Amino acid sequence: MSTPIPIYLVDQSDLANDHADSQAWAQATGFKADPSSVCVVPGAGGTLAKVLVGKPDPIDTWTLGSLAKTLPPHTYALADDWPAPLATHLWLGWCLGSYSFTPYKRQAAAPVAELVPPAGADAAYVTAAVAATTLVRDLITTPAGDMGPEQLQAAAQKLCDRHAADLTTLVGDELIAQNYPLIHAVGRAYTQPPRLLDISWGDPEAPKVTLVGKGVCFDTGGLDIKPAAGMKLMKKDMGGAANALGLAEMIMGLQLPVRLRVLIPAVENSIAGNALHPLDVVPSRRGLTVEVGNTDAEGRLVLADALWEAVCEEPEPQIVIDFATLTGAARIALGTELPACFSNRPELANRLLACGLAVDDPLWQLPLHQPYRTMLDSAVADLSNISNSSFGGSITAALFLQEFTRPEIPWIHLDLMAWNVRSLPGRPEGGEAMGMRAVFELIRQTVVKDAPEALPSS
């Protein structure tokens, strides 16, 4: 086996003092040690002597995220020793940058460069985070024709098989019989029946964590049909379910001592003779009636039934977290790369934000502004699924969901894009895990007793 090619993170001072032998080459190639810039230094006989990478401030997960695909496909190693948390960050970013989605390509993905695991890095954490992120990306990026409710159920079953978890399902009219009318109403127009996936894992006596993920495998908008441009990316509308399953992969893969439950309402919001009409009134699992002001606001409907199930289970969960690609309004407010979070516990939201910064998986908190709740009032039902105003859409959507939670149970709602609209180091264009590692860190800190602190921020 050949000796790995060393990688040095350098600033201008390092370049001048420690790499004098490479200065002429750096000058010839225009390398000035700018953050994240790269200089491949040749060695004797056509070999590669080393790689210089401009040192950013701070060093973070994405510092080496582009190198797996941009360096020649050899084996590399970090030349310097790094504290264990930073070594973990750097290795994780490299691994996430190795990802390609190729099932529909005739040719296999091009070979990528490999990094020797840095000394002190948390191999178990990196392995679990990479497996979870790969699962999320694969599920979201798969075309909707191959990732309907049936296929999402099959993916959940594979996850359960890997970790000895249990999966139960309610399909089609079973949802009516077991009182999940909103899930059934949204998904009944598609050829694959709607369903509720219910995963359980772990010691029943351990602290209980319940995840809920929006599994709208494709969203036409229903009878309030989306325009073509708005419908194009709607295979990603099950990104909440994918992120919930990815988080479950991390929790089970790292054997967190919790009792985990995952609820995925899996549907397609399709168009047929039995589709929901605008202004239909549908009962919910909680008993509240909902007027469907817009059939394209379907994600909150399926989440409502699942959330009420989550908060009414016995014993009560210590925390309930839902993931959803819920509103364009959150994207307008925060852009596509920063998920919005809401919580009925301000201190919990603050800790989640801190966890996100610590693991380079940031979020931003928006308020559950209660005066906006009246915007969801309906003249004919207990509430409407849309606001009577065009403003504050992500907040009113969260307030709708809050109606299906209980104030005594800590609850977090994540409104995320679940899609990279541009390629960044370690984050290629396509389906993406967003908020997943941050929530994992929150669970590890707040639910699991005697857990280690989060990885220090880089």
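The values are calculated or read from the model by the stated rules, or taken from the named source; none is laboratory data. All values reported here derive from a predicted model rather than from experimental measurement. Neighbour counts are summed over all protein chains in view; Cβ atoms, including those assigned to glycine, are modelled from backbone coordinates with ideal geometry.
Tabulated values for the structure
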quantity: Residue that is assigned by TED's automatic domain parsing to the domain that holds Met436, within 17 Å of Val136 (Cβ to Cβ), modelled with pLDDT of 95 or more and touching a Pro at 6+ places or on another chain (Cβ under 8 Å), where the choices are Gly246, Gly215, Gly239; calculated: Gly215
quantity: Qualifying position, being assigned by TED's automatic domain parsing to the domain that holds Trp91 and either within 22 Å of Ala119 (Cα to Cα) or surrounded by 12 or more Cβ atoms within 10 Å (Cβ to Cβ) (or both), among Ala49, Ala44; calculated: Ala49
quantity: Candidate set: region 99-115, residues that are polar (S, T, N, Q) and either over 18 Å from the mean Cα position of the chain (by Cα) or assigned by TED's automatic domain parsing to the domain that holds Ala132 (or both); chosen: the one surrounded by the fewest Cβ atoms within 10 Å (Cβ to Cβ); calculated: Gln107
quantity: Set Leu152, Leu175, Leu135, Leu86: member being assigned by TED's automatic domain parsing to the domain that holds Ile59, part of a helix (DSSP H, G or I) and surrounded by 17 or more Cβ atoms within 10 Å (Cβ to Cβ); calculated: Leu86
quantity: Residues (surrounded by fewer than 12 Cβ atoms within 10 Å (Cβ to Cβ) and touching a residue at least 40 places away in the same chain (Cβ under 8 Å)) located in region 14-34; calculated: none
quantity: Residue that is in the same structural domain as Leu86 (by TED's automatic domain parsing), at pLDDT 95 or above and hydroxyl-bearing (Ser, Thr, Tyr), where the choices are Ser66, Ser36; calculated: Ser66
quantity: The lone exception for Gly145 - which of (1) free of Cβ contacts under 8 Å to residues at least 24 places away in the same chain; (2) within 21 Å of Pro73 (Cβ to Cβ); (3) not acidic (Asp, Glu) it fails; calculated: (2)
quantity: Residues of region 333-356 classified as within 18 Å of Ala418 (Cα to Cα) and either free of Cβ contacts under 8 Å to residues at least 12 places away in the same chain or of a type in the set (Phe, Trp, Tyr) (or both), total; calculated: 2
quantity: Within region 281-295, considering residues that are in contact (Cβ under 8 Å) with a residue 60 or more places away in the chain and over 15 Å from Asn388 (Cα atoms), the one surrounded by the most Cβ atoms within 10 Å (Cβ to Cβ); calculated: Ser284
quantity: Candidate set from region 365-398 (those that are among the β-branched types (Val, Ile, Thr) and assigned to a loop (DSSP other than H, G, I, E, B)); member that is nearest to Ala324 (Cα to Cα); calculated: Ile386
quantity: Residues of region 254-302 satisfying the condition of being of a type in the set (Gly, Ala, Ser) and either farther than 30 Å from Glu205 by Cβ or in contact with a His (Cβ under 7 Å, 6 or more places away or on another chain) (or both); calculated: Ser270, Ala272, Gly273, Ala275, Ser284, Gly287, Gly293, Ala297, Gly299
quantity: Residue list for region 178-215, filter: farther than 29 Å from Pro283 by Cα and part of a loop (DSSP other than H, G, I, E, B); calculated: Gly202, Asp203, Pro204, Glu205, Ala206, Pro207
quantity: Residue in region 275-292 that is charged (D, E, K, R) and either not assigned by TED's automatic domain parsing to the domain that holds Cys160 or not in a loop (DSSP other than H, G, I, E, B) (or both) present; calculated: yes
quantity: Residue check, Leu256 aliphatic (A, V, I, L, M), touching a strand residue (DSSP E or B) at 6+ places or on another chain (Cβ under 9 Å), in the same structural domain as Ala418 (by TED's automatic domain parsing) and at positive phi; calculated: no
quantity: Hey, Gly54 in contact (Cβ under 8 Å) with a residue 40 or more places away in the chain and not assigned by TED's automatic domain parsing to the domain that holds Arg437 or not; calculated: yes
quantity: Candidate set: region 155-172, residues that are at negative phi and not in a helix (DSSP H, G or I); chosen: the one surrounded by the most Cβ atoms within 10 Å (Cβ to Cβ); calculated: Leu170
